[in-house]
Amino acid sequence: MDDTDFHDESFDIGPGQQIHREINITKGLDIVKNNHTTTVSTYGNYTTYNFTEKINASATDEIPTPYIANVTVADGTIDGEPSAVAYVTLVNPSMRRYPTKLFVHTIGTDGSFYAPTPLPNNSTTIKVELLDKRGAKIAGEARLYTGNLTKKQGGLDQVGFVGKAGEGTQQWNESFQPARPTWMNDHYQYENDTYSQSFGEKLSGDREIGGVPVVYLGLVVLVGLLFVRRWR
């Protein structure tokens, strides 16, 4: 089925006899293809059947499809340097090895790209670099796909998440939406009004003193100086 061994059976058949088999090939379909080929063969003979079936890979329950099983926000290291990270677990429940790609966006990360390939009936966990502040609550979304990120065809799964290192990560399913990757002009940027940085945090560039953005402390000092000068 689509160039992958799907069913293998041995049997004895006598002269003039017939054997009838019904084999459900749904689980053997290649979700990336629109045109499918089924080959039925015995020793010395084979027959090939072709048919067209366009599959929405991100919305099928009948065909085993790679998906994002879990996202965990954590503090970690990248190339030996402290960094916020997300551990993304991918599962491939199918009999095929798909050339998958993973793109993760957060409020502070324009896009971290990876090309994992989970083995058939197996899983793998990817450590994703995030440019958000370590220890902060981080919101974002992860896309798993094959082919071109800017096209819906080939999209496998998309999840949203929000979490903080050591405090757990909430995750939810989203409908796969194409996006322009980081290396393209006018590329996609993730936004989340609930977890976006305040104006003061943006001006402070994530610099804090005692948990307070430095811009606020500067304003307090400035107001204090103005107050003292007024009453001198």
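Pairing each residue of region 165-178 that is closer than 15 Å to Gly140 by Cβ with any residue that is open to solvent by less than 50 Å² (accessible area, probe 1.4 Å) and in a loop (DSSP other than H, G, I, E, B), provided the two are 6+ apart or on different chains, yields C-beta distances under 9 Å for Ala165/Gly135; Ala165/Ala136.
For Thr109, the conditions (1) part of a loop (DSSP other than H, G, I, E, B); (2) under 30 Å from Lys133 (Cα atoms); (3) open to solvent by 20 Å² or more (accessible area, probe 1.4 Å) are fulfilled apart from (3). Filtered by the rule that a residue be farther than 9 Å from Gly111 by Cβ, in contact with a Lys or Arg (Cβ under 7 Å, 6 or more places away or on another chain) and not charged (D, E, K, R), region 171-192 gives Phe176, Pro178. With respect to the conditions (1) within 19 Å of Arg143 (Cα to Cα); (2) in contact (Cβ under 8 Å) with a residue 60 or more places away in the chain; (3) among the charged types (D, E, K, R), Asp75 falls short on a single one, namely (1).
Applying the criterion of at least 1 residues that are over 29 Å from Gly147 (Cα atoms), at pLDDT below 90 and open to solvent by 30 Å² or more (accessible area, probe 1.4 Å) to the strands (runs of 3 or more DSSP E) found wholly in region 1-88 leaves 35-42, 45-52. Of all residues assigned to region 100-122, none qualifies as being in contact with a Lys or Arg (Cβ under 9 Å, 6 or more places away or on another chain) and free of Cβ contacts under 8 Å to residues at least 12 places away in the same chain.
Looking at region 134-142, is at least one residue over 11 Å from the mean Cα position of the chain (by Cα) and modelled with pLDDT of 95 or more?
Yes; the residues of region 134-142 include at least one that is over 11 Å from the mean Cα position of the chain (by Cα) and modelled with pLDDT of 95 or more.
The residues of region 163-188 that are open to solvent by less than 10 Å² (accessible area, probe 1.4 Å) and in a strand (DSSP E or B) amount to a single one, Gly163.
The values are calculated or read from the model by the stated rules, or taken from the named source; none is laboratory data. It should be emphasised that the depicted structure is a prediction, and the values quoted were computed from it without experimental measurement. Positions of Cβ are generated from backbone atoms using ideal geometry, with glycine treated the same way; all protein chains shown enter the neighbour counts. The accessibility values were calculated without ligands, DNA or RNA, using every heavy atom of the protein model including side chains. Shrake-Rupley method; radii C 1.70, N 1.55, O 1.52, S 1.80 Å.
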